[in-house]
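Here is the structure we will look at, set down as structure tokens.
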């Protein structure tokens, strides 16, 4: 697998001392909401993490977020990546005795405040890597009204 990624869906992301991140109110596969659609969430966060083998450094990454009943992304943001030469140089300086595959990681936290949801369905996280025609799937979260 040359490239893959995942997302964490949560209510808040906080920067902690020492460069750590705290994810508050994480969701598994489904979010149940009270009330009726359409609805507005005061804040919703998606943390995306994308990995590529060291032999394929990133040239560009565009993060996208889709919500139910919307064909176009409601958010599109460029994730800044180091220059390709800098990624290659960093890997050249790493310990050479490791026999496991090396990966380059890129991540971004998307903060949607507020987030308007018109209908139940999937909130989808996607990324366009190096201008590819196809989006990389980074996960989804089903949003439904509580019974």
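Taken together, the values in this text are just the output of simple stated rules run on the coordinates, not laboratory data. This structure is a prediction, so every number in the text was calculated from the model and none was measured. All Cβ positions, glycine included, derive from the backbone under ideal geometry; neighbour counts span all protein chains shown.
Here are some notes:
- For segment 9-147: relative contact order, % (alpha-carbon pairs under 8 angstrom, 6 or more apart): 34 percent
- Among 3, 126, 102, the order by Cβ neighbours within 10 angstrom, fewest to most, reads 102, 3, 126.
- Extending 7 Å from the Cα toward the beta-carbon at both residue 28 and residue 70 defines two label points whose distance is 2.7 nm.
- Per-bin percent of Cα-Cα distances, the chain [10 Å]: 10, 36, 31, 16, 5, 1
- Sequence of 37, 44, 32, 58 once ranked by neighbouring C-beta atoms within 10 Å, starting from the fewest: 32, 37, 58, 44
- Nearest-0.05 FRET efficiency for residue 14 and residue 137, computed from C-beta distance (R0 25 Å): 0.40
- Difference of contour (0.36 nm per residue) and Cα-Cα distance, residue 90 to residue 146: 15.3 nm
- Residues 12, 86, sorted so that the one with the fewest Cβ neighbours within 10 Å comes first: 86, 12
- Taking one quarter of the surface of the C-alpha convex hull of segment 1-54 gives a mean projected area of 5.8 nm².
- Segment 38-54-segment 1-28 distance, computed between alpha-carbon centres (Å): 8 Å
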